[in-house]
Amino acid sequence: MADLIREVVAQRLQKGLRDPRMGYVTITDVQVTGDLQHASIFFTVLGDEAERTDTAAALKAATGMLRTEVGRNITARLTPSLEFVPDGIPENAAAIESLLSEARERDAAILAMKSSAHYAGDPDPYKVPRESPEE
């Protein structure tokens with residue numbers, strides 16, 4: 001059911017809405033409740049924060065029309081209510097990328113320290129029995 005809703009909404013958005021606030025939208029995921037009464041549609045928008053908020057407002061305004069379109073194309077007895085949720089994928093990806101670059105920098109610093117390090121003890125750290133001078 002979630003895949004069908006995703007396809008219907010994506011096709012309708014591809015045809016275009018007559019809202020100038022609408023940006024370039026990608027439907028990333030759809031989650032439907034167990035009773036099929038509510039569908040959360042996750043989306044991303046190409047652009048800055050202003051374009052994201054404008055597109056979210058345009059999707060909120062078009063929710064009724066999109067729900068009607070979903071109702072025409074699914075075979076369920078009731079049409080689920082639709083909720084558009086901005087997906088945090090780009091922000092999460094940026095955070096993960098910054099953590100990975102920080103880890104790479106730390107690894108490089110440790111490698112640099114390792115190359116100039118030397119042992120604190122004797123060159124041969126293993127104890128060997130000493131020969132007594134009496135022998």
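Each reported figure results from applying straightforward, stated rules to the coordinates on display, with no laboratory input. From a predicted model like this one, the values you see are computed outputs, not experimental measurements. A quick note on method: Cβ atoms are made from the backbone with ideal geometry, for glycine too, and the neighbour counts reach across all protein chains shown.
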* Rel. contact order, % - alpha carbon contacts under 8 angstrom, at least six apart, the chain -> 22
* Structure fact -> With label points set 7 Å from each Cα along the Cα-to-Cβ direction at Val128 and Ala61, the distance between them in nm comes to 8.7
* **Helix 63-73 axis, angle to the chain major axis (alpha carbon atoms, nearest 10°)** => 80
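Over the chain, what is the percentage of antiparallel beta bridges among all DSSP beta bridges, to the nearest 5? Numbers along the way, then the final one.
Numbers: 8 of 14 bridges.
Counting DSSP beta bridges with both partners in the chain, the antiparallel share is about 55 percent.
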* Asked: With axes computed from alpha carbons, what is the tilt in degrees of helix 89-115 against the longest principal axis of the chain, rounded to the nearest 10 within 0 to 90?
  -> 10
* What are the lysines whose alpha-carbon lies under 24 Å from the alpha-carbon of Lys15, with same-chain residues fewer than 8 places away excluded? -> Lys60
* Structure fact -> Candidates for Rg and Dmax of the Cα atoms in Å are (1) 21.4, 75; (2) 36.7, 110; (3) 29.9, 104, and the calculated one carries label (3)
* **Per-residue [θ]222 nm for the chain (sum of -39500 (n - 2.57) over DSSP H runs n ≥ 4, rounded to 500)** => -16000 deg cm²/dmol
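Specify the longest stretch of the chain that does not include any exposed loop site, a site being one of the chymotrypsin sites (Phe, Trp or Tyr not before Pro) with a non-H, G, I, E, B DSSP assignment and at most 11 other Cβ atoms within 10 Å. All intermediate terms of the calculation are to be shown ahead of the outcome.
Details: sites that count: Tyr119, Tyr126.
Longest stretch, sites excluded: 1-118.
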* Stokes-Einstein translational diffusion, segment 3-83 - Kirkwood Rh over all Cα pairs, 1.306 mPa s, 10 °C, in µm²/s -> 123
* Asked: Taking +1 at the Cβ of each Lys and Arg and -1 at the Cβ of each Asp and Glu, which of Ile74, Thr55, Pro86 sits farthest along the dipole of segment 34-109 towards its positive end, judged by Cα position relative to the Cα centre?
  -> Ile74
* What is the magnitude of the charge dipole of segment 2-86 about its Cα centre, with +1 placed on the Cβ of each Lys and Arg, -1 on the Cβ of each Asp and Glu, and no other charges, expressed in debye to the nearest 20? -> 380
